[in-house]
Amino acid sequence: MQSKIKIALIGYGKMGQEIEALCKDSEIFEIVSISYKNKDESLDLEGIAKADVALDFTSKDVVLKNIQEVSKLGVNMVVGTTGWSDSLDEVKKIIEKNKIGFIYSPNFSVGVNIFFKMMDNAIKLFAKLPEYDAYGLEIHHKAKKDSPSGTALKIASKIKGLNFTSIRAGRNPGFHEVVFDSEADGITLSHQAYNRVGFAKGALMAAEFIKNKKGVYSFEDIL
Ligand SMILES: NC(=O)c1ccc[n+]([C@@H]2O[C@H](COP(=O)([O-])OP(=O)(O)OC[C@H]3O[C@@H](n4cnc5c(N)ncnc54)[C@H](OP(=O)(O)O)[C@@H]3O)[C@@H](O)[C@H]2O)c1
């Protein structure tokens, strides 16, 4: 029997616990370390060193420090934490220097990545039709710290001059919508996450992908 992929969880909030639940009876993954069960704890460097892949779902305040520490150990990483995209060049240098494998995405849901591909197609079609304006909306639960979301920023990077609104209220795990609107009609593309299972499954898919690789990848490289 093939040995299981050893996972170190960094961050034990909503996403960390969702990933832990998926690994519980898994024949492919086992959790060997959990960091930050309490915010006051430091990284479990001893445990992380024994892992094949470390998965970071923490916050923008600590993710860069985690990337530095984990890459020094030579352990590959999956980073789902959002809000650090301005530091991507700095992170790429750290990864190259320490020769690890690194995969990141603001959204590890396979469904959202299909939504991105549908949007790319729509953007190409609407580029020839200036009578259509594009606008967008995203809704996330009130505890989400970053606004706009990493996914919204990615959508905005695809459409010039996009008018976008972010709502933080209630319990929604993630809703993104783009509307192409004209005098005559409107076309709406949207994605609604019903829970966090899709993000957690995608993050584990990314862990399997990055296990024996070096270099920087985004989730789109898998799909
Ligand atoms: N890529 C994706 O598919 C995807 C999907 C969902 C969420 N996300 C992102 O993933 C991140 C985590 O989301 P979540 O919903 O799991 O958040 P969460 O429930 O708030 O959990 C965050 C975890 O990180 C810890 N943490 C936060 N700041 C810390 C700090 N400065 N030092 C040490 N530990 C710290 C928290 O500890 P405490 O509990 O003690 O605060 C908690 O264990 C966010 O950036 C979110 O936007 C990404």
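What follows draws every value from the coordinates through simple rules; no lab data is involved. Being a predicted model, the structure only gives us computed values, none of them experimental. Ideal geometry is used to build each Cβ from the backbone, glycine not excepted, and the neighbour counts take in all protein chains shown.
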Residue order, fewest to most surrounding Cβ atoms within 10 angstrom, among Met77, Met205, Met15: Met205, Met15, Met77
Value of D in µm² per second that Stokes-Einstein yields for segment 56-113, Kirkwood Rh from Cα pairs, at 10 °C (1.306 mPa s): 136 µm²/s
Cβ-defined net charge surrounding Lys24, 14 Å radius [Lys, Arg +1; Asp, Glu -1]: -3
C-alpha center-to-center spacing [segment 81-143, segment 1-46] in angstrom: 25 Å
Using a Förster distance of 30 Å, the FRET efficiency for Lys92-Asn212 (Cβ separation, nearest 0.05): 0.90
Computed FRET value (nearest 0.05) for Glu27 with Val110, which takes r as the C-beta separation and R₀ as 25 Å: 0.75
Ala49 paired with Leu162, simple spin-label distance in nm, labels 7 Å along Cα-to-beta-carbon: 4.3 nm
Local electrostatic count, Leu153, Cβ distance below 11 Å [Lys/Arg +1, Asp/Glu -1]: -1
Residues Ser109, Ser59, sorted so that the one with the fewest Cβ neighbours within 10 Å comes first: Ser59, Ser109
Net charge contributed by nearby residues that have their C-beta within less than 11 Å of Asn172 (K/R +1, D/E -1): +3
Whole-percent pair-distance distribution, where bins are 10 Å wide, for the alpha carbons of segment 30-151: 11, 35, 30, 16, 7, 2
P(r) tail fraction, segment 110-192 - alpha-carbon pairs more than 21 Å apart, %: 27 percent
Per residue, the convex hull volume that the Cα atoms of the chain enclose (Å³): 128 Å³
Kirkwood hydrodynamic radius (C-alpha pairs) into Stokes-Einstein, segment 149-223, 37 °C and 0.692 mPa s, D in µm²/s: 216 µm²/s
Residue order, fewest to most surrounding Cβ atoms within 10 angstrom, among Ile28, Ile5, Ile10, Ile100: Ile28, Ile5, Ile100, Ile10
Sites Gln17 and Lys99 - FRET efficiency at Förster radius 35 Å, r taken between beta-carbons, to 0.05: 0.65
